Amino acid sequence: MKNTLPRLAVHKFSSCDGCQLAFLNAGEALLTLSRRAEIIHFSEAGWENPLAKVDIAFVEGSISTPKDLERIKAVRESANTLVTIGACATAGGLQALRNGVKQFADWVGDVYASPEYIQSLPESRPISAHVKVDLELWGCPVTGKQVLDALGDLLNGITPVNSSEPVCSECKRSGHVCVLVSKKEPCMGPVTRTGCGALCPAFGRACYGCFGPAEQANTASLAKQFEHMGLSAKDISRRFLFITSATQPFSDTGHGYLEQEDV
Ligand code: SF4
Ligand code: SF4
C-alpha cells in the first residue's frame with residue numbers, strides 16, 4: 001500500500017549541527033512522529049534523499065558559500081513549507097560575525113594555509129535573505145519541544161504561534177529575580193524574544209540574545225543603559241553582535257558602537 005503520510009526533510013547548511021541534535025534528542029516523541037509523518041531526508045539520522053519533494057523542510061544553518069546558495073534554492077523548490085530552525089538559519093549565527101568586516105579577505109589568508117581553496121560568499125546571511133521562509137524557529141539551539149510543537153501544529157493544519165514578546169515578560173511570570181537590576185549584569189532580556197523559558201536568568205545569568213530581537217525591541221535604550229553601567233563601546237557592540245548579529249535592530253546598534261570603538 002502506498003504511504004500517504006506527510007513527507008519531511010531536515011537539511012543542514014553552515015552550522016554546528018546543534019539544532020539537528022535538539023530534534024534528534026526529542027526521544028520518544030520522534031517515535032510518535034514516525035506514525036504521523038515520513039522522514040525522507042535527514043542525513044544526521046541516516047536518511048539521504050536531499051532533492052526529494054516533501055511537504056515540510058526544516059533548514060538548519062546560514063548561507064555562507066556559493067554551494068549553500070545553490071542548494072537552498074533547490075531545497076525551496078522541493079518543499080511546500082520551509083521552516084528555519086535556530087539562530088544560524090534565522091539570524092546568521094556566529095558565522096555572520098564576519099559580515100561588514102573590511103579585512104575579511106586578509107583574515108582568510110591568515111587563518112588558512114591555502115586560502116585559494118576557500119570559497120565563501122562576502123557575507124553569511126540567514127535563509128530568509130535568499131528564499132521565502134514560511135516559519136522561523138529561533139534559538140541557539142532550538143529545543144526539541146519547540147520543533148515538535150510547531151510540526152504538530154503544521155500537521156494539524158494550524159499556523160504555529162511564534163511569540164515575539166521579550167524574555168523579561170517570561171522572567172516576571174516565572175518569578176525570576178531580574179539580573180539587570182539586582183546584579184547589574186548586561187542582560188539582553190529586555191530586547192530578546194522569549195521562547196526559551198528565560199533559561200539564563202533562571203540560573204542567575206544575563207541573557208545574550210540567542211532567540212533574536214523581540215517585537216519593537218528598543219535596542220538604543222538598552223545600549224544607553226549598558227553605557228550607564230560602565231560598558232565600553234566595544235563591549236556593548238559585542239552584546240548585540242553575537243549569535244544573532246545578522247538581524248535588525250541588533251545589527252545596526254552593534255555596528256554603531258563598533259564604529260565608535262574604531263574611531
Ligand atoms: S543555532 Fe546554535 S546550535 Fe543551532 S546550528 Fe547554529 S550554532 Fe549550532
Ligand atoms: S535567556 Fe537569552 S541567551 Fe539564554 S536561552 Fe534564553 S534567549 Fe537564549
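Between Ser221 and Val177, how high is the FRET efficiency from 1/(1 + (r/R0)^6) when r is the Cβ-Cβ distance and R₀ = 35 Å? Nearest 0.05.
0.95
For the chain, rounded, prolate or oblate, judged on the Cα gyration tensor with a ≥ b ≥ c (square roots of eigenvalues), a/c < 1.5 rounded, else prolate if a/b > b/c?
On the way: a/c = 2.42, a/b = 1.30, b/c = 1.86.
It is oblate, given that a/c is not under 1.5 and a/b is not larger than b/c.
In segment 167-263, which GluC sites (Glu not before Pro) are in a loop and have at most 10 other Cβ atoms within 10 Å, using DSSP for the loop call?
Those that pass, being in a loop and sparsely packed, are Glu215.
Please give every one of the aspartates and glutamates within straight-line cross-link reach of Lys224, meaning a C-alpha to C-alpha distance under 13 Å, and leave out same-chain neighbours fewer than 8 residues apart.
Hits, sequence-local ones excluded: Asp235.
Would you check segment 104-186 for Lys pairs whose C-alpha atoms are within less than 30 Å, ignoring same-chain pairs closer than 8 in sequence, and give me the count?
4
Can you sort Asp134, Asp106 so the residue with the fewest Cβ neighbours within 10 Å comes first? Mind showing how you got there, number by number?
Numbers: Asp134 15, Asp106 11.
If I rank by nearby Cβ atoms, fewest first, I get Asp106, Asp134.
With +1 assigned to the C-beta of every Lys and Arg and -1 to the C-beta of every Asp and Glu, and no other charges, what is the dipole magnitude of the chain about the Cα centre in debye, to the nearest 20?
On the way: 25 positive and 28 negative charges, 103 e Å.
In debye, rounded to 20, the chain gives about 500.
Ranked highest first by average number of other Cβ atoms within 10 Å, how do 12-18, 42-48, 93-99 line up? Intermediate results must be reported in sequence, preceding the final value.
On the way: 12-18: 19.4, 42-48: 13.3, 93-99: 21.1.
Sorting 12-18, 42-48, 93-99 by mean packing, highest first, produces 93-99, 12-18, 42-48.
May I ask you to order 57-65, 187-195 by the average number of other C-beta atoms within 10 Å around their residues, highest value first? Don't skip to the answer; put the middle values down first.
Numbers: 57-65: 26.6, 187-195: 24.8.
In decreasing order of mean packing, 57-65, 187-195 become 57-65, 187-195.
Report ³J(HN,Hα) in whole Hz for each residue of segment 39-50, in order, from the Karplus equation J = 6.51 cos²θ - 1.76 cosθ + 1.60 where θ = phi - 60°; Gly and Pro get x.
Each residue's phi maps through the Karplus curve to give 7, 9, 9, 6, 3, 4, 9, x, 8, 10, 6, x Hz.
Give the cross-link partners of Lys12 among the lysines, using a straight C-alpha distance below 16 Å as the criterion and excluding same-chain residues fewer than 8 apart.
List returned: Lys67, Lys73.
How would Tyr117, Tyr208, Tyr112 line up from fewest to most surrounding beta-carbon atoms within 10 angstrom? Each step should come with its number before you reach the end.
Values: Tyr117 7, Tyr208 17, Tyr112 11.
Ascending Cβ contact count within 10 Å gives the list Tyr117, Tyr112, Tyr208.
Among Cys200, Ser232, Gln248, whose Cα lies farthest out toward the positive end of the dipole of segment 167-262, if unit charges sit on the beta carbon of Lys, Arg (+1) and Asp, Glu (-1)?
Cys200
Could you give the length gained by full extension between Asp106 and Gln260, i.e. 0.36 nm per residue of separation minus their alpha carbon distance, to one decimal place? If you can, show how the numbers build up before the last one.
Numbers: separation 154, 0.36 × 154 = 55.44 nm, distance 2.26 nm.
Computed gain between Asp106 and Gln260 is 53.2 nm.
How do Leu30, Leu241 rank when sorted from fewest to most other Cβ atoms within 10 Å of their own Cβ? Write down the numbers at each step before the final one.
Values: Leu30 15, Leu241 22.
Least crowded to most crowded, the residues run Leu30, Leu241.
A short reminder: the numbers here are calculations on the coordinates, not readings from a lab. Please read all numbers here as calculations on a predicted model, not as lab measurements. Here the Cβ is made from the backbone with ideal geometry for all residues, glycine too, and neighbour counts use every protein chain on show.
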